[in-house]
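Down below is the structure, laid out as structure tokens.
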Amino acid sequence: MRLVPLGKTGIQVSAVGFGGIPIIRLDFEEAAQVLRHAADKGITLFDTANRYADSEEKMGRTFAGMRDKVVIATKTGQRAAKAAMEELELSLTRLKTDYIDLYQPHQVSQPAELDALLAPGGAMEALVRARAQGKVRSIGITSHSLEMARKLVATGLFATIQFPCNIVETEAAAHLFPEARAAGMGILCMKPFAGGMLDDGGLALRFLRREPDLIVLPGCDTAAQVDQAVEIFSGEAAWSEEDAAKAQGYRDELGSRFCRRCEYCQPCPQGVRITYAMMYRVVAKRMSPAKAVQFASETMETVRNCIDCGECATRCPYNLPIPEMLAEHLAMYDSHKAAQ
Ligand code: SF4
Ligand code: SF4
């Protein structure tokens, strides 16, 4: 497995890491098997988060006794020092360790969140203290907002930036990644499968393998997925004309109106389940319209409550015209329902 530096931390990690969300679906023994398989195959970086249900606990139980063989990254959603320290202690307990290699404030997207993080009494104060105490080896950060991610890089405070990057979400390549590289930061690439929208996993990973310094974090819940990732990131970069055409097909299908499922638009004061309703077009294409109606009816019925106030759209970091798209999806859902 190719190793790459984790920014300027002095830590080396496998070029492909392990995203810790999908193991939530597995029981403890199944999760341990997949995690151990990944470690046996040469994956050294395991990324989880305090808010990923029992993912930290599963990693903690699996890696107890082999802590020095793995690099553990986790995250806190807290913005205040006291609460962040409490979450860090909880992560240490769940992960059965006395240090976290990379600790990351999770999904910082709004300016007010960054202000709170850096203010006196903010989470950053606690993380710097924890680093001095040896509880945290390095501090990174994650965001879904391009504008905010560039601001975070410019602060010079973080060792790594974790941001979505995949065949459909390529915005980071123009400025964010070059700026992070210039700052000597490690670049962690989340959502390589676009949150499950890219069903050709090999294509999605080959796309990212072309950038030799990206540390890619596919979520895996089977040994076969691990093997595929390891094979692609252990070998040479390969990208054919056929791959490029397929990638373009995904872009054409998902388009510039692609919802990243970051959930920043929520909550809706009228109770609309925005994120899931935003996916209806793709769901209906993937399933049959009849199945989609059955699958999404509870969600789509909430769209009838939308009063077009536009509040959600002001919170979308990708400037999606949410009320307009919701109306289109509701019309599509109604036509599918009528055709049954
Ligand atoms: S525009 Fe509709 S979905 Fe968006 S916040 Fe307002 S009521 Fe909710
Ligand atoms: S509509 Fe925008 S804010 Fe809401 S989940 Fe999708 S990308 Fe995120």
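The values are calculated or read from the model by the stated rules, or taken from the named source; none is laboratory data. Bear in mind that the values here come from a model prediction, so they are computed numbers and not experimental data. Don't worry about glycine lacking a Cβ; one is built from the backbone with ideal geometry, like all the others, and counts go over all protein chains shown. The area values use the complete protein model at the heavy-atom level, side chains included, leaving out ligands, DNA and RNA. Shrake-Rupley method; radii C 1.70, N 1.55, O 1.52, S 1.80 Å.
Data table
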{"quantity": "Positions within the stretch 233-268 being open to solvent by 70 Å² or more (accessible area, probe 1.4 Å), in a loop (DSSP other than H, G, I, E, B) and more than 12 Å from ligand 2 (Cβ to nearest atom), in sequence order", "calculated": "Glu236, Trp239"}
{"quantity": "Output for the stretch 317-334, where each listed residue is within 13 Å of ligand 2 (Cβ to nearest atom) and either open to solvent by less than 20 Å² (accessible area, probe 1.4 Å) or touching a Pro at 6+ places or on another chain (Cβ under 8 Å) (or both)", "calculated": "Leu320, Ile322, Met325, Leu326, His329"}
{"quantity": "Extreme residue, most open to solvent (accessible area, probe 1.4 Å), among residues of the stretch 270-311 that are assigned to a loop (DSSP other than H, G, I, E, B) and aliphatic (A, V, I, L, M)", "calculated": "Ile307"}
{"quantity": "Verdict on Leu330 being assigned to a loop (DSSP other than H, G, I, E, B), within 15 Å of ligand 1 (Cβ to nearest atom) and within 21 Å of Met197 (Cα to Cα)", "calculated": "no"}
{"quantity": "Answer from Ile23, Ile43 - the residue that is open to solvent by less than 10 Å² (accessible area, probe 1.4 Å), part of a loop (DSSP other than H, G, I, E, B) and either out of contact with any strand residue (DSSP E or B) (no Cβ under 6 Å at 6 or more places or on another chain) or modelled with pLDDT of 95 or more (or both)", "calculated": "Ile43"}
{"quantity": "Yes/no for Ala204 being over 17 Å from Gly7 (Cα atoms), assigned by TED's automatic domain parsing to the domain that holds Leu26, in a helix (DSSP H, G or I) and modelled with pLDDT of 90 or more", "calculated": "yes"}
{"quantity": "Residue list for the stretch 62-77, restricted to those being on the phi < 0 side of the Ramachandran plot and either open to solvent by 20 Å² or more (accessible area, probe 1.4 Å) or of a type in the set (Ser, Thr, Tyr) (or both)", "calculated": "Thr62, Ala64, Met66, Arg67, Asp68, Lys69, Thr74, Thr76, Gly77"}
{"quantity": "Only listed residue being of a type in the set (Val, Ile, Thr) and in contact (Cβ under 8 Å) with a residue 40 or more places away in the chain, chosen from Val303, Val272", "calculated": "Val272"}
{"quantity": "Scan of the stretch 213-223 for residues that are farther than 16 Å from Thr170 by Cα and open to solvent by 20 Å² or more (accessible area, probe 1.4 Å), ordered by number", "calculated": "Gly219, Asp221, Thr222, Ala223"}
{"quantity": "Flag if Met197 is more than 28 Å from Met59 (Cα to Cα), modelled with pLDDT under 95, open to solvent by less than 30 Å² (accessible area, probe 1.4 Å) and not small (Gly, Ala, Ser)", "calculated": "no"}
{"quantity": "Residue under evaluation Thr314, criteria (1) more than 10 Å from ligand 1 (Cβ to nearest atom); (2) in a helix (DSSP H, G or I); (3) open to solvent by 20 Å² or more (accessible area, probe 1.4 Å), criterion not met", "calculated": "(1)"}
{"quantity": "Residue list for the stretch 106-157, filter: assigned to a loop (DSSP other than H, G, I, E, B), under 25 Å from Lys96 (Cα atoms) and touching a helix residue (DSSP H, G or I) at 6+ places or on another chain (Cβ under 7 Å)", "calculated": "Lys135"}
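Every residue, every condition in (1) within 17 Å of Gly140 (Cα to Cα); (2) of a type in the set (Phe, Trp, Tyr); (3) open to solvent by 30 Å² or more (accessible area, probe 1.4 Å); (4) not assigned by TED's automatic domain parsing to the domain that holds Ala224, yes or no:
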| residue | (1), (2), (3), (4) |
| --- | --- |
| Gly7 | yes, no, no, no |
| Ile11 | yes, no, no, no |
| Phe18 | yes, yes, no, no |
| Ala31 | no, no, no, no |
| Leu35 | no, no, no, no |
| Gly60 | no, no, no, no |
